[in-house]
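Notes follow the structure.
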Amino acid sequence: MAYFTRTVSDEVRQKAELSRKEAEEFIERELKCPVCGYIVGVAYSDSKGHLKIKCQKCKTISVINFAYFYRRKYKQRYKKSIKGF
């Protein structure tokens, strides 16, 4: 049986490599299903907007607004400053 292999152009490979290098400086966070808590993906610290996801565990289709599911940096700084006393 012959397998179909897709060839990727050098331009696309360069763009993919550039994207990977840019993402190294961002903070990753897990996206969890709002129904069962199963990890459905990963978002970077520069992600904004909405994302439609389907949970592989409970099969629920949900729309996630990143504004509601991000970690606030000022709370982390506040906790660190309290521990220093």
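What follows is calculated from the coordinates using simple rules that are stated; it is not laboratory data. In this text the structure is predicted, and so the values were computed from the model without any measurement. FYI the Cβ positions are ideal-geometry reconstructions off the backbone, even for glycines, and counts take in every protein chain you see.
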Response to the item:
Under 5 Å from the placed amide H of Lys32, counting only residues 5+ away or on other chains, we find Val40
Response to the item:
Expressed in nanometres to one decimal, the distance between label points 7 Å along Cα→Cβ at Leu18 and Lys48 is 2.1
Worksheet, complete the sentence: In whole Hz, the Karplus estimates of ³J(HN,Hα) for the stretch 20-32 (6.51, -1.76, 1.60; θ = phi - 60°; x where Gly or Pro) are 5, 5, 5, 6, 4, 7, 8, 8, 8, 9, 7, 9, 10
